[in-house]
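S.K.: Structure in structure tokens, see below.
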């Protein structure tokens, strides 16, 4: 996504969007984009709370390293109509979007019931991912980047083999159907019988990666020709309020700024490595889709 100084003077200003950007990794991604983009470029910091969005955007704008313009924009990613409206607005105002970093996640604590929090978690992580892909994929400009923040738990092997057919080679519609089937099974209390793990994070992340793979499979040839990247990303362990309650040892955890760096390197890389396109990328390398083993022990540690 890098351009020469001469090319930059002639090109259209770039527009970037980050969801779940009030704090943690999302905030760090906004800060990194604002520092590495040009003064004519725009970074949209989005979240659900007006005050937090406004305050965060103002704080990033005041940082000494900030170069690009930073604007706050209230966006509830679970509102698919709102996501579509924002995509249309950016197409109308700016001719499209150059960077989309889908980062929103619902926080669930270890002592909270996974099943009772399932709807919110699935809506924020999965329904929103589907909406971002459907709405922003068509307005992504050539050479752009659309990255969904997932985790290494997003590889298919972390699910019970009985569930693999739901996601392996699936279309986006089929992934969405699988997610809603999982949601229904939770409500009907048949999820365990069907092989779904108690821990929401595993099926959610697998579904996110599968959704990205589905969209990328349809666009691969044209996107690679245009230097456009669609992928999911694993930032590694990050010391945030969302992850801290789940781990006792954070000695190897990254700060949000450190974790954002590898994601931003993908955003600003020259060209697109075909080996990364459509894949789950961790620290610049693709994770094999079929890797992983079911995390049975983790299910024993969470409240159903």
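S.K.: Residue by residue through segment 40-65, note down the ones that are in contact with a helix residue (DSSP H, G or I) (Cβ under 7 Å, 6 or more places away or on another chain) and modelled with pLDDT under 95.
M.R.: Result: 65, single match.
S.K.: I've got another one for you. Condition (residue is at pLDDT 95 or above, in contact with a helix residue (DSSP H, G or I) (Cβ under 7 Å, 6 or more places away or on another chain) and assigned to a helix (DSSP H, G or I)) applied to segment 88-102: is it met by at least one residue?
M.R.: No, segment 88-102 contains no residue that is at pLDDT 95 or above, in contact with a helix residue (DSSP H, G or I) (Cβ under 7 Å, 6 or more places away or on another chain) and assigned to a helix (DSSP H, G or I).
S.K.: A follow-up question, please. For segment 111-131, give me the residue count where each residue is in contact with a helix residue (DSSP H, G or I) (Cβ under 6 Å, 6 or more places away or on another chain) and either closer than 17 Å to residue 100 by Cβ or surrounded by fewer than 22 Cβ atoms within 10 Å (Cβ to Cβ) (or both). Quick ask: steps written out before the conclusion?
M.R.: From segment 111-131, those in contact with a helix residue (DSSP H, G or I) (Cβ under 6 Å, 6 or more places away or on another chain) are 115, 118, 122, 125-126, 129-131; that's our starting set.
Still in the running and either closer than 17 Å to residue 100 by Cβ or surrounded by fewer than 22 Cβ atoms within 10 Å (Cβ to Cβ) (or both): 115, 118, 125-126, 129-131.
Adding up the residues that qualify gives 7.
S.K.: Select, from 84, 40, 34, the only residue that is touching a residue at least 24 places away in the same chain (Cβ under 8 Å), in a helix (DSSP H, G or I) and surrounded by fewer than 21 Cβ atoms within 10 Å (Cβ to Cβ).
M.R.: Unique residue meeting the criteria: 84.
S.K.: Right, another one. Mind listing whichever residues of segment 66-81 are closer than 18 Å to residue 24 by Cα and either touching a residue at least 60 places away in the same chain (Cβ under 8 Å) or more than 19 Å from the chain's Cα centre (by Cα) (or both)?
M.R.: Matches in segment 66-81: 66, 70, 71.
S.K.: Let me ask something additional. As an exercise: evaluate residue 172 against (1) farther than 28 Å from residue 17 by Cα; (2) touching a residue at least 24 places away in the same chain (Cβ under 8 Å) and give the number of the one condition it does not meet.
M.R.: (1)
S.K.: Looking at (1) over 21 Å from residue 180 (Cβ atoms); (2) under 17 Å from the mean Cα position of the chain (by Cα), which one does residue 142 not meet, given that it meets all the others?
M.R.: It is condition (2) that residue 142 fails.
The values are calculated or read from the model by the stated rules, or taken from the named source; none is laboratory data. The structure displayed is predicted, hence computed values, not measured ones. In this analysis, Cβ positions are derived from the backbone assuming ideal geometry, glycine residues included, and neighbour counts consider all displayed protein chains.
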